[in-house]
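These notes are about the structure you will find just below.
The values are calculated or read from the model by the stated rules, or taken from the named source; none is laboratory data. Since the structure is predicted, the reported quantities are computational estimates derived from the model, not experimental observations. Here the Cβ is made from the backbone with ideal geometry for all residues, glycine too, and neighbour counts use every protein chain on show.
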Amino acid sequence: MSYKGAVWNESEAYLDPITRRPCRKLTKYGIYNMTPTYHTNHGFSADGRFVVFSTGRGGRSVALKANCETGELTQLTEWVDGLGGRDELHKLNGTGIGTGNGVAGIHMSLAPNSGWCCYVLNSSLLAVNIHTLEERVLIADFGSDWIGGIPSISPDETEVLLPTYPPHPQLAAGQVISKTYMQCLNEGLSKPVMRVLRVPLAGGPWSIFYQEEGVISAHIPHNPGDPDIVLFDRDTPPSYWSANGKDEVSRCWTYNARNGELKPLRARNARSFQVHSVWTFDGSAMLYHGPAAEGGWYIGAITRDGETISEYTFPEYKFYGHVAADPVRKAVIIDGNLSPDLLMWVHYGEATPRIEIIARHGTEWGGLPGQYSHVHPMADPTGRFISMNVARGGRTDVHIVQVG
């Protein structure tokens, strides 16, 4: 087993079979290799040279950084005994990968300028600098009776916000699981609470930034243009994070820490529950999609103040997927919806959308439990690279597509 600071290269370069864009498969070992998600836009260094991710190999997991141009990997931390994250174990009702006490890329976020990579491990929030390998304990223990979501780093890189919510009560008690997590929330066995913690990135005491009963949230990204504006996914009963039965409920809300204002960013479609969303890199707008009332999907963009820029409906397409932002194009990056196996740009701002193929990801959706098989594309801040997670043959790898 390698050690902290070890450097090696296991990558393979190739050309995309459709667009002939240069690509690089960064990994080829382990059961999972997983980048941070699209939610925060924080997976790459500011210059686009490095991307961070987690890997799970031989029952252990660790945080790594990769050089996007060469594929060289650097081990950022020592190996942890365990695979997967706690939140997936609880939301998947005790299933998932491993014991849930490992390093999982979905709970990771990188400060692009300073290089501090923050990640959740059990009930701790930790950080490691990708350049110096210095480590920090930001929150030693936020409580075993809480599950940590996706950390968000403020645009000035001075603070970290961490959403937390209650665990699956039967799993937490070591009981046989007879009810799903959502059933436990709806039947009163677990009380839904959204608790967002704030901690200085430099280290220091943490505090409660926001708390609300009756909802839960795992995603609370800062607005890139205003550190006091945060985008909340407010998951409410009875369906919470599922869009079923939520025709007129907006999932996405802005919270203004200056005045405490909570405001929905509502889709124009009659089914206004957005399954996925992300800020644009400048924070002027939010990109989103959701299942349309007409069938299929809608894909849209809305200003921070709630004015619709564009919203397109594709009733004939029913593929699952996600949305991500592009720093140099007025376009939504999608990994599904219109196709099960392609990365595409949906250019917005015009009466009709313009669709452009980026590359083929070819992931085997559902090939691993939870979200490991989900592509979760993310662009680097310079617009040169897009990362993607690809599941094939019962395991996942991180790939990079060069687009600039």
Since Glu88 meets every condition but one in (1) within 21 Å of the chain's Cα centre (by Cα); (2) among the acidic types (Asp, Glu); (3) surrounded by fewer than 19 Cβ atoms within 10 Å (Cβ to Cβ), which condition does it not meet?
(3)
Please go through the stretch 24-51 and pick out each residue that is in contact with a Pro (Cβ under 7 Å, 6 or more places away or on another chain) and hydrophobic (A, V, I, L, M, F, W, C).
Phe44, Ala46
Which residues, taken from the stretch 354-367, are in contact (Cβ under 8 Å) with a residue 40 or more places away in the chain and surrounded by fewer than 20 Cβ atoms within 10 Å (Cβ to Cβ)?
Ile357, Arg360, Trp365
So, in the stretch 119-147, of the ones that are of a type in the set (Phe, Trp, Tyr) and part of a loop (DSSP other than H, G, I, E, B), which residue ends up surrounded by the most Cβ atoms within 10 Å (Cβ to Cβ)?
Phe142
Looking only at the stretch 26-43, decide whether some residue is among the basic types (Lys, Arg) and either farther than 25 Å from Ala202 by Cβ or touching a residue at least 40 places away in the same chain (Cβ under 8 Å) (or both).
yes
Test of understanding: among Ala257, Ala243, which residue is aliphatic (A, V, I, L, M) and modelled with pLDDT under 95?
Ala243
Do the conditions hold for Ser152, that is, is it within 18 Å of Gly85 (Cα to Cα), at pLDDT 95 or above, in contact with a His (Cβ under 8 Å, 6 or more places away or on another chain) and buried (at least 18 other Cβ atoms within 10 Å of the Cβ)?
yes
When you scan the stretch 368-404, how many residues do you find that are of a type in the set (S, T, N, Q), within 15 Å of the chain's Cα centre (by Cα) and either outside any loop (DSSP other than H, G, I, E, B) or surrounded by 23 or more Cβ atoms within 10 Å (Cβ to Cβ) (or both)?
2
Residues of the stretch 309-325 being free of Cβ contacts under 8 Å to residues at least 60 places away in the same chain and either surrounded by fewer than 17 Cβ atoms within 10 Å (Cβ to Cβ) or assigned to a loop (DSSP other than H, G, I, E, B) (or both), in sequence order, are Ile309, Pro315, Glu316, Tyr317, Lys318, Phe319, Tyr320, Gly321
Within the stretch 172-189, does at least one residue satisfy the condition of being within 21 Å of Arg86 (Cα to Cα) and touching a strand residue (DSSP E or B) at 6+ places or on another chain (Cβ under 7 Å)?
no
For the stretch 281-289, state whether one or more residues are in contact (Cβ under 8 Å) with a residue 24 or more places away in the chain, over 17 Å from the mean Cα position of the chain (by Cα) and surrounded by fewer than 19 Cβ atoms within 10 Å (Cβ to Cβ).
yes
Does the stretch 61-82 include one or more residues that are part of a loop (DSSP other than H, G, I, E, B), of a type in the set (A, V, I, L, M), touching a residue at least 24 places away in the same chain (Cβ under 8 Å) and farther than 22 Å from Thr27 by Cβ?
no
Quick one: count up the residues across the stretch 277-295 that are out of contact with any Lys or Arg (no Cβ under 8 Å at 6 or more places or on another chain) and over 13 Å from Pro327 (Cα atoms).
3
Considering the stretch 171-205 alone, what residues qualify as being in a loop (DSSP other than H, G, I, E, B), of a type in the set (Gly, Ala, Ser) and surrounded by 15 or more Cβ atoms within 10 Å (Cβ to Cβ)?
Ser190
